[in-house]
Amino acid sequence: MNWILSEKSVPNPKNNLQADIQKWWETNPMTYDWKMTVPYEEGSLEFYQEIDRRFWSAAWFAHKSGADPFGRLIHYARLRGSRVLEIGCGSGAISAQLARNGAVTTAIDLTSHAIALTRRRFELFGLSGDIRKMDGERLCFPEEMFDFVWSWGVIHHSANTEAIIAEMHRVLKTGGQACVMVYHRHSVNFWIGVILLRGLLCGGLLRYPVQELCNKCSDGLIAKYYTVAEIRGLFKVHFRYVETELFGQKNEIWQIPGGRLKNFLVRVTPDQLAWWVTRRFGGFLFVRATK
């Protein structure tokens, strides 16, 4: 966490916002390497091992003893032989897990960089998948094609989040499920990190409206934060059953600038304490929606 506000340019609604978002992610690919500290060549075995180590460590809450990463949230055995779609595959970590566990995997992303990283990962690890550059707001798939749709930390960065939700519903088979994570507004990250520290103490709210402040404090060109009621309302427009859960990273508990002290505090934070805090005020709002 850096308390200095980002100097990202303000999105111009008169231009093509989704194109601006695409350009941002092409320049800042989702590899968990914001400070450029991964010492390995991009696309190498060591590169994927290191970025996955960071991803799995940050997502400690998603794992289940004796299961593959994210086994608490993804029932891999149930998806064997099923058609699955990941919207916003990034570097392909979750898509690879789905393919490795026998799912017929399709992965899409808005950027060429992400597609190249995911295709290279699949090639390197001998996995099979259909990996395409595509906008989640306009999916080029027929209706009722997939049994399962996954999207982790993606749709809140899109210009038209509602359009992606509608497209998820359209391409899912009846009875199929969409699992999605978005940023949570009633969280430590939002109220302490964004509003109190950066907005009030650092004067951000004197210069920017709340949404623009959120954009500058988060990854992506834009970043929307939702309440549980808001996200349930968006999904219930299309889906017959919607349930939500809250999760979060341990670094959310320690709202101080990143560095050795923060890294130490995160390492020594007991799982029980982090679970209690983040299940109530975590920054990740997880949705399971059934068609």
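What's the FRET efficiency of Glu230 with Leu200 using the Cβ-Cβ distance as r and R₀ = 30 Å, to the nearest 0.05? Using R0 = 30 Å, I get an efficiency of 0.80.
For the range 55-290, what is the number of Lys pairs with C-alpha distance below 27 angstrom, counting only pairs 8 or more positions apart or on separate chains? Total qualifying Lys-Lys pairs in the range 55-290 comes to 13. For Trp191 and Ser128, what does the FRET efficiency come to when R0 = 35 Å and r is the distance between their Cβ atoms, rounded to the nearest 0.05? FRET efficiency, Trp191 to Ser128: 0.20. Mean residue ellipticity, 222 nm, helices only, the chain: the sum of -39500 (n - 2.57) across DSSP H runs of n ≥ 4, divided by residue count and rounded to 500, is -10000 deg cm²/dmol.
Let me know the charge dipole size of the chain about its Cα centre in debye, to the nearest 20, where only the beta-carbon of Lys, Arg (+1) and Asp, Glu (-1) is charged. The calculated dipole for the chain is roughly 640 debye.
When only the Cβ of Lys, Arg, Asp and Glu is charged (+1, +1, -1, -1), the dipole of the range 11-95 relative to its Cα centre reaches about 520 debye. Structural descriptor for the chain: relative contact order 19 percent, calculated from alpha carbon pairs under 8 angstrom and at least 6 residues apart. Calculated FRET efficiency, Val237 to Leu45, Cβ-Cβ distance, R0 = 35 Å: about 0.20 to the nearest 0.05.
Are there GluC sites (Glu not before Pro) in the range 117-185 that DSSP marks as loop and that have at most 12 other Cβ atoms within 10 Å, and which are they? Answer by residue number: Glu143.
The numbers here are math on the coordinates, done by the rules we state, and not lab data. Nothing here was measured: the structure is a model prediction, and the numbers come from that model. All Cβ positions, glycine included, derive from the backbone under ideal geometry; neighbour counts span all protein chains shown.
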